[in-house]
1. Would you confirm, using the coordinates I've provided, whether B:Phe71 is open to solvent by less than 20 Å² (accessible area, probe 1.4 Å), within 7 Å of another protein chain (Cβ to nearest Cβ), within 13 Å of ligand 2 (Cβ to nearest atom) and closer than 30 Å to A:Gly31 by Cα?
2. Would you confirm whether any residue within region B:74-87 is within 12 Å of chain A (Cβ to nearest Cβ), within 14 Å of ligand 3 (Cβ to nearest atom) and either open to solvent by 10 Å² or more (accessible area, probe 1.4 Å) or in a loop (DSSP other than H, G, I, E, B) (or both)?
3. Do the conditions hold for B:Ile48, that is, is it assigned to a strand (DSSP E or B) and within 13 Å of ligand 3 (Cβ to nearest atom)?
4. Every residue in region B:28-45 that is within 11 Å of ligand 3 (Cβ to nearest atom) and touching a residue at least 24 places away in the same chain (Cβ under 8 Å), please.
5. Taking into account only those residues within region A:431-479 that are open to solvent by 20 Å² or more (accessible area, probe 1.4 Å) and among the charged types (D, E, K, R), which is modelled with the lowest pLDDT?
6. Among the listed residues B:Arg129, B:Arg98, identify the single one that is within 30 Å of A:Gly44 (Cβ to Cβ), more than 9 Å from chain A (Cβ to nearest Cβ) and surrounded by fewer than 17 Cβ atoms within 10 Å (Cβ to Cβ).
7. Given the conditions (1) in contact with a strand residue (DSSP E or B) (Cβ under 6 Å, 6 or more places away or on another chain); (2) at pLDDT below 95; (3) closer than 22 Å to A:Gly377 by Cβ, and given that A:Ala93 satisfies all but one, which numbered condition is not satisfied?
8. Cβ-Cβ distance below 6 Å, separation of 6 or more or different chains: which pairs start in region B:111-132 with a residue that is away from ligand 2 (no atom under 14 Å from the Cβ) and end on one that is open to solvent by 30 Å² or more (accessible area, probe 1.4 Å)?
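The values are calculated or read from the model by the stated rules, or taken from the named source; none is laboratory data. Predicted model, so just to flag it, every value in this text is computed and none were measured. Cβ placement follows ideal geometry from the backbone for every residue including glycine, while neighbour counts extend to all protein chains displayed. Heavy atoms of the whole protein, side chains included, go into the accessibility calculation; ligands, DNA and RNA do not. Shrake-Rupley method; radii C 1.70, N 1.55, O 1.52, S 1.80 Å.
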Amino acid sequence: MADNLPTEFDVVIIGTGLPESILAAACSRSGQRVLHVDSRSYYGGNWASFSFSGLLSWLKECQENSDSKEETAAAWQDLIHETEEAIALCRKAETIQHTEVFCYASQNAEDSVHEIGALQKDASSVSDTLTEPLHSAEMPEERQSDITSNEIPVEQTPRSDSKVSLEESDTEESLDKEKYCGEKTCVHPVSDGDMVENKPTVEDSTSQPKRNTITYPQMVKESRGFNIDLVSKLLYSQGSLIDLLIKSNVSRYAEFKNVTRILAFREGKVEQVPCSRADVFNSKELTMIEKRMLMKFLTFCLDYEQHPDEYQDFQQCLFSEYLKTKKLTPNLRHFILHSIAMTSDSSCTLDGLKATKNFLQCLGRYGNTPFLFPLYGQGEIPQCFCRMCAVFGGIYCLRHKIQCLVVDKESGRCKAVIDHFGQRINANYFIVEDSYLSKETCSTVQYKQISRAVLITDQSILKTDSDQQISILIVPPVEPGACSVRVTELCSSTMTCIKGTYLVHLSCESSKTAREDLESVVKKLFTPFAETEVDEEELRKPRLLWALYFNMRDSSGVSRSSYCGLPCNVYVCSGPDSGLGSEHAVKLAETVFQEIFPSEEFCPPPPNPEDIIFDGDDKQPDVPGTSTVTVAKLESPEEGENLESPLQN
Amino acid sequence: MSMEDYDFLFKIVLIGNAGVGKTCLVRRFTQGLFPPGQGATIGVDFMIKTVEINGEKVKLQIWDTAGQERFRSITQSYYRSANALILTYDITCEESFRCLPEWLREIEQYASNKVITVLVGNKIDLAERREVSQQRAEEFSEAQDMYYLETSAKESDNVEKLFLDLACRLISEARQNTLVNNVSSPLPGEGKSISYLTCCNFN
Ligand SMILES: Cc1cc2nc3c(=O)[nH]c(=O)nc-3n(C[C@H](O)[C@H](O)[C@H](O)COP(=O)(O)OP(=O)(O)OC[C@H]3O[C@@H](n4cnc5c(N)ncnc54)[C@H](O)[C@@H]3O)c2cc1C
Ligand SMILES: Nc1nc2c(ncn2[C@@H]2O[C@H](COP(=O)(O)OP(=O)(O)O)[C@@H](O)[C@H]2O)c(=O)[nH]1
Ligand SMILES: [Mg+2]
């Protein structure tokens, strides 16, 4: 690194997750000198997205024992003066647990039809080519040609200190064709006993198209065609993240697609939930009478406050009970409860009505569902805020570790940090993502967990004319009291998976390990890929090519006061929460910003570069030392810029 | 500026080591000036210049790194949906040339595979301090299938040519794509900026 890092800043921000990145943009925008660092080689922390091989490297890194990798860093203890105290930061974040990987796709690059069983034989002779850790690479993660391994050994890493209750996993029940346990490959027979009940909904039985087969080597080869998010989130079209993106103009760094369908899972079937007027009328699933009932009810919900007589007596009742009184069929009640209101079974009528109304209002903003998804994945969003910070002078340093906070004993304030070079960097305010805080600092903190699954499949869970659908599906819990599972299915035009595949994210609040929490839903919706087709029934389900389970720590509920011994000018940001939107991160960023700079506006719109037009002949005089641009000509602000299509004819 | 004001719109992105003259190239082209000092322009995201080529109005949206290249921390999203990349090195700085393979790897990972890349050796006004011969650079760019040009942002040598040639290539590429490829395939940029998303009310 030819360049030396400056050592005087107003704000030092450690971690590039969404709240930290929003804060970086906000601080920089309001004129603060910002240093934004991350010890990782990529942006986003637990909000990041990865190419396929990038994800494999990430997994590898998650499993590395933190102690085994003692790094030589300049000793900082000697750099602390007598009047100071140090608060050590954590070497390696440990927020991911119970990672389990299953590969079902063919390992054979040449063809897709070959003997079953043959491919598992050499699983134990796993090559080490995939071990290149993320940090060691000069450039981020992958180097495609390096990845020649055709097996990915990924260990189960149960941790004894886990808050998640660990049960011995019942391998009998596992649907895996093959499962990698460390270096050994355990082959489990597919038990399809409980899959029979699942009837596919859209039956294109006239022509069962020959399925294309994506092989594992192909997925590795086209690795960068994947952008796999660690979080499973969407943007509410009326949500605070969209509002912030628009207000701050950060939205111009990203592009979005509408979620095209809301699906429901009922009696073993995946169905599309009709939610716009057109949807309701075009629905094939609903009878005429149902259509009328649904329209009537939704229209009522839009201004339910005006009709108190319709619900007053039921206000405190369960919403599900209330729906029964509205003469709605079970079908419709299910749609409204789980897919439109997205409330739990225990929600009361008033909450249900409020949520339904909200849903309908969100529908109005963009397209026929209330959700948006960013092209290339959610991991783009933190980066967009980082760019905004950089544009206003913020300095960026990935792969930059901070060893400790330096606290002035007398004032009790943090005055500097010391980085891995032993360099002291001074600032007035410090914002730290909580995974950088040491065990000592967090000794009394209680965490929740999120259970996640990432699947690569070969077909959509609900096939239609278009193979480019973005869908969200809420699978209600089987047992009352358990959590519902949120499923989002992304198609290749979201730029998150390669053609011929779908990327499916599952998530719920954890009660056990991710696989224990989610596998039953995976089984209901998918069938493992097998070279020989066994079952006509199973054939119609999308096939799993690859699956990953992991638990992610959810620190969103942790209050600032539960951290021990942090100076008042050190602010803490949490990792991703389990919610569908990113409202928590936005709120957190805004709250912290307002605390530090109460009189500053939070992310006001920057001048629009579209308005700055320089005519070639209209030469501007040099203005020494200025850092502002000379505006040659102001044009009327434009609505927005469609960067995409070069052709505007 | 409304849609009708131009025939083509292209996003051009500059990359390369810090100090090679990327910002100067952009400002020379868009503003016609050579800024004194290391003038990072605070608050400017991208610059716009509309040029006319064979009677067609081409709007160039030129993005600078915002300094994130300094510590090798450019965001992936910077590369997304770029139509062209200008990969710049400094002919008086061997190191900036030796880093090119690293930049190419980054391009390969994050940029669209349809992107046009131009290699630019800047600061030819400092010929007496040249460390990278033209021949070496030509060989390298040929091997990597890139266009190559040497410029001076200071003396305004080849700067117009750089951008205008690029615009020409982008136009012919775009024409070819629409001819060959009128089946809509998911390409980067198929998504919409928020303000372009269609509305569809429940009512
Ligand atoms: C179409 C639709 C849009 C939604 N938009 C948002 C949103 O923009 N922001 C959000 O936090 N949650 C939104 N939700 C609610 C979200 O899905 C979850 O219900 C909620 O986040 C769960 O939070 P909770 O039960 O832990 O807390 P709750 O106490 O249920 O809610 C947490 C926060 O979310 C707000 N909220 C709840 N329901 C909605 C709603 N329907 N629309 C807008 N705000 C709501 C509440 O006012 C509260 O501030 C939306 C739901 C739907 C169906
Ligand atoms: N002599 C000469 N100096 C240049 C030229 N282009 C840029 N510079 C100088 O190189 C330094 C870095 O330029 P800058 O545009 O900020 O580089 P960037 O970091 O790549 O954006 C500045 O001091 C410029 O004045 C050039 O063509 N000739
Ligand atoms: Mg620059």
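1. Working: open to solvent by less than 20 Å² (accessible area, probe 1.4 Å): yes; within 7 Å of another protein chain (Cβ to nearest Cβ): yes; within 13 Å of ligand 2 (Cβ to nearest atom): yes; closer than 30 Å to A:Gly31 by Cα: yes.
Considered against the rule, which asks whether it is open to solvent by less than 20 Å² (accessible area, probe 1.4 Å), within 7 Å of another protein chain (Cβ to nearest Cβ), within 13 Å of ligand 2 (Cβ to nearest atom) and closer than 30 Å to A:Gly31 by Cα, B:Phe71 comes out as yes.
2. Filtering region B:74-87 down to residues within 12 Å of chain A (Cβ to nearest Cβ) leaves B:74-84.
After this cut, where a residue has to be within 14 Å of ligand 3 (Cβ to nearest atom) as well, the list is B:74, B:78.
Going one step further and asking which of them are either open to solvent by 10 Å² or more (accessible area, probe 1.4 Å) or in a loop (DSSP other than H, G, I, E, B) (or both), we end up with B:74.
Yes, some residue in region B:74-87 is within 12 Å of chain A (Cβ to nearest Cβ), within 14 Å of ligand 3 (Cβ to nearest atom) and either open to solvent by 10 Å² or more (accessible area, probe 1.4 Å) or in a loop (DSSP other than H, G, I, E, B) (or both).
3. Numbers: assigned to a strand (DSSP E or B): yes; within 13 Å of ligand 3 (Cβ to nearest atom): no.
It is false that B:Ile48 is assigned to a strand (DSSP E or B) and within 13 Å of ligand 3 (Cβ to nearest atom).
4. Correct list: B:Ala40 only.
5. Per the stated criteria, the residue is A:Glu479.
6. B:Arg98
7. (1)
8. What qualifies is B:Ser112/B:Pro188; B:Ile116/B:Arg169; B:Val118/B:Tyr147; B:Leu119/B:Tyr148.
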